[in-house]
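Below is one structure, written out as structure tokens; comments come after it.
The values are calculated or read from the model by the stated rules, or taken from the named source; none is laboratory data. Bear in mind that the values here come from a model prediction, so they are computed numbers and not experimental data. As a convention, Cβ positions derive from the backbone with ideal geometry for all residues, glycine included, and neighbour counts pool all protein chains shown.
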Number of protein chains: 2
Amino acid sequence: MTVTLADVAARAQVSPATVSRVLNGNYPVAAATRERVLKAVDELDYVLNGPASALAAATSDLVGILVNDIADPFFGIMASAIQSEIGGPGGRAGGERLAVVCNTGGSPERELTYLTLLQRQRAAAVVLTGGAVEDAPHKAAVAAKLRKLEAAGTRVVLCGRPPAPDTGAIALTFDNRGGGRELTEHLIGLGHRRLGYIAGPEERTTTRHRLEGHRAALAAHGIEEDPRWTVHGRYDRRSGYEATLELLRRDPTLTAVVAANDSVALGACAALRDSGRRIPDDVSVAGFDDLPFSIDAVPALTTVRLPLAEAGARAGRIAMGREEPPPGGIATVRGELMVRGSSGAPRA
Amino acid sequence: MTVTLADVAARAQVSPATVSRVLNGNYPVAAATRERVLKAVDELDYVLNGPASALAAATSDLVGILVNDIADPFFGIMASAIQSEIGGPGGRAGGERLAVVCNTGGSPERELTYLTLLQRQRAAAVVLTGGAVEDAPHKAAVAAKLRKLEAAGTRVVLCGRPPAPDTGAIALTFDNRGGGRELTEHLIGLGHRRLGYIAGPEERTTTRHRLEGHRAALAAHGIEEDPRWTVHGRYDRRSGYEATLELLRRDPTLTAVVAANDSVALGACAALRDSGRRIPDDVSVAGFDDLPFSIDAVPALTTVRLPLAEAGARAGRIAMGREEPPPGGIATVRGELMVRGSSGAPRA
DNA sequence: AGCGATGCAGCAAGCGCTTTCTATCCCTGG
DNA sequence: CCAGGGATAGAAAGCGCTTGCTGCATCGCT
């Protein structure tokens, strides 16, 4: 029914071995023979059986990319960049690899299950993006899984994720702490003294690091933080809207709101507008990530640009072994403060 | 080195066949035996070899999702919904399937190559999202590929994509024409007579259908379209910005700009603002899709809401055989006009 | 008590490919 | 003119799993 290697071999009047070699191109085959084989492949419309080939060769051409939320451009941009380097069809790379992105939805269990699924497929490489969950058992489980993947020859790269100690995983980490600090220092520099902070989910490393940066800035400038000024939420717009309302309720005199990311910041802007406040005249707003839409907010969002595409591309190249991993297997990727219209001096 | 089924069998003191059956759970195995096997699996930390299993069973648990641009929330939202229904870990479905999204970048070749890759992996199902390219040879090539996939037992579903004649592919098509028409009629109803249109890439079905709807509305109201009023571009913000400037240059008296999608509309808004025009006082703007950020534009974007998540979920269920395909294999999904602040009556 | 059902486990034959090892063939140099 | 050697092609042994079929108890029934 389906065409097999043997069929091609028969038609080309060669042995299956020869066909395999032509297809894999890693063994000398006479030009004439190759031609004949290729012709047969074409005529029969032969498609290699991936599983069979993976089984026999003990390797597959699958590369997994794990993301927390595929509907979020933050991950979409990274995934896209990674994928373009992985090869996939039309990519820069030579061999045709199937770069697949897996959506964990931020759930630790799904993350683990996907890792197992990838392990099961004997993936050639795996790239994990985004912050990790700070749950000790889960962290250990992931680390164990990563070690197993590596043992099986799968290359593991973390992109925008803290290093995983005791594993050979290469880590490209975002400097969330530094970015958060710089951002808040910018606001303090403008004269703000009462700053609300809308943090992400408590258990995520990204959340913690950004918040730490924020607090470091406050501390460095002798501003004592009021516990009411911090609210935790999710990394989405809705959450930003609600959190801002809550913040305003707790302390209506805030002059700035720092958000966990740009989506949250947009929600914050909406909430501020809806409550009759002007940005930045009454309240300044700042985001994080600098996603494409941030510049379209009115006023445009002050934020920290993360080189998502660059980092993703680099992670992809490392995963493919086309770029040297950074010394020590860890590199920190810094963000860049983008000062735009949403931040200004507080009213005198 | 790696643990195999046989190792597990040995440890559990049963035959490999029994282990396989326990793992697949489709054959009666005594409870005690099953326990023993499961225990061995656990102790040895056994992970099934996907390729081997796929080879032997002649099916795999891979499901492919093709998207044009993974960094675009339009696709991200659909992919996310599809994936949640496909199962994947934690999904609604029972069996654990590896739902993978492949980024074609809008390139016909990559689309074809991914399809081949998926065929090579003997994917269980494939979902193609987004508009198709209107190139006859390519269309034929895709159709042929789809037929082959189907012949190999892969279920094929199109989501937000026109039907593929002569294939058994189930199609969930967006009513782009109807939505476009409704949108423009809304603007005409407000009193607009000179409307610019920023279309997407010329070769895409989505582009054509939306534009046709727009023109149908104009025609229905006896408005003769000026060729200068239509500009083609890409489906991104940048393109919207540039196209708007071009439109304004060609005819500074336009009172409304209809964009191919929301991102383009955002770019249009920016261009209008930068050229000193107010929205909607001087010029009304409308988008398409109603992506999450549209409501955050200032003023909020008038647009056509496409039920991306619902359609994706349905496509996913159909792909998994958990929902009856629509009669005739084709269903049209309608959009809903969302009138918001970016559209208003033109100045008298 | 005897016999067909029934339930559960094992045997063994592949699934389609890769790859090592071996067999040719033809060319070159002595 | 023949041995040696490089260049190709083929034979065959798996890779790790699934599954149809067989085997053998045990069970219920007459």
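Which ones in region B:315-331 are in contact (Cβ under 8 Å) with a residue 40 or more places away in the chain and surrounded by fewer than 23 Cβ atoms within 10 Å (Cβ to Cβ)? Break it down into steps so the answer makes sense when it comes.
Applying the first criterion (in contact (Cβ under 8 Å) with a residue 40 or more places away in the chain) to region B:315-331 yields B:315-322, B:325-326, B:329-331.
Within region B:315-331, B:R317, B:G321, B:R322, B:P325, B:P326, B:G329, B:I330, B:A331 qualify.
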| request: Considering only region B:54-64, state which residues are more than 9 Å from chain A (Cβ to nearest Cβ) and more than 12 Å from DNA strand C (Cβ to nearest atom). | output: B:V63
| note | The helices (runs of 4 or more DSSP H) lying wholly within region B:100-203 that contain at least 3 residues that are farther than 30 Å from B:E224 by Cα and away from every other protein chain (no Cβ under 12 Å) are B:136-151
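For region A:296-306, which residues satisfy the criterion of being surrounded by fewer than 20 Cβ atoms within 10 Å (Cβ to Cβ) and either away from chain B (no Cβ under 14 Å) or assigned to a helix (DSSP H, G or I) (or both)? Write out each step before concluding.
We begin by selecting, within region A:296-306, every residue surrounded by fewer than 20 Cβ atoms within 10 Å (Cβ to Cβ); these are A:298-300, A:305.
Of everything in region A:296-306, just one residue is surrounded by fewer than 20 Cβ atoms within 10 Å (Cβ to Cβ) and either away from chain B (no Cβ under 14 Å) or assigned to a helix (DSSP H, G or I) (or both), namely A:R305.
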| request: Residue by residue through region A:308-335, note down the ones that are of a type in the set (D, E, K, R) and touching a Gly at 6+ places or on another chain (Cβ under 8 Å). | output: A:R334
| remark: Considering region B:73-98, residues that are out of contact with any Asp or Glu (no Cβ under 8 Å at 6 or more places or on another chain) and facing chain A (nearest Cβ under 7 Å), and then whichever is modelled with the lowest pLDDT, we arrive at B:Q83
| task | Might you let me know whether region B:316-329 holds any residue that is within 19 Å of B:D175 (Cα to Cα) and hydrophobic (A, V, I, L, M, F, W, C)? | result | no
| task | Among the residues of region A:1-53, write down those that are more than 6 Å from DNA strand C (Cβ to nearest atom), surrounded by 12 or more Cβ atoms within 10 Å (Cβ to Cβ), assigned to a helix (DSSP H, G or I) and within 14 Å of chain B (Cβ to nearest Cβ). | result | A:V41, A:L44, A:G50, A:P51
| query | What number of residues within region A:289-322 are in contact with a Lys or Arg (Cβ under 7 Å, 6 or more places away or on another chain), modelled with pLDDT of 95 or more and not hydrophobic (A, V, I, L, M, F, W, C)? | reply | 2
| note | In region B:251-276, anything in contact (Cβ under 8 Å) with a residue 24 or more places away in the chain, surrounded by fewer than 24 Cβ atoms within 10 Å (Cβ to Cβ) and away from every other protein chain (no Cβ under 14 Å) is listed as B:D251, B:T253, B:T255, B:S275
| task | Kindly list, by first and then second residue, each pair from a residue in region A:11-34 that is near DNA strand D (Cβ under 7 Å from one of its atoms) to a residue that is in a loop (DSSP other than H, G, I, E, B), limited to pairs with Cβ atoms under 8 Å and residues at least 6 apart or on different chains. | result | A:T18/A:V29; A:T33/A:V14
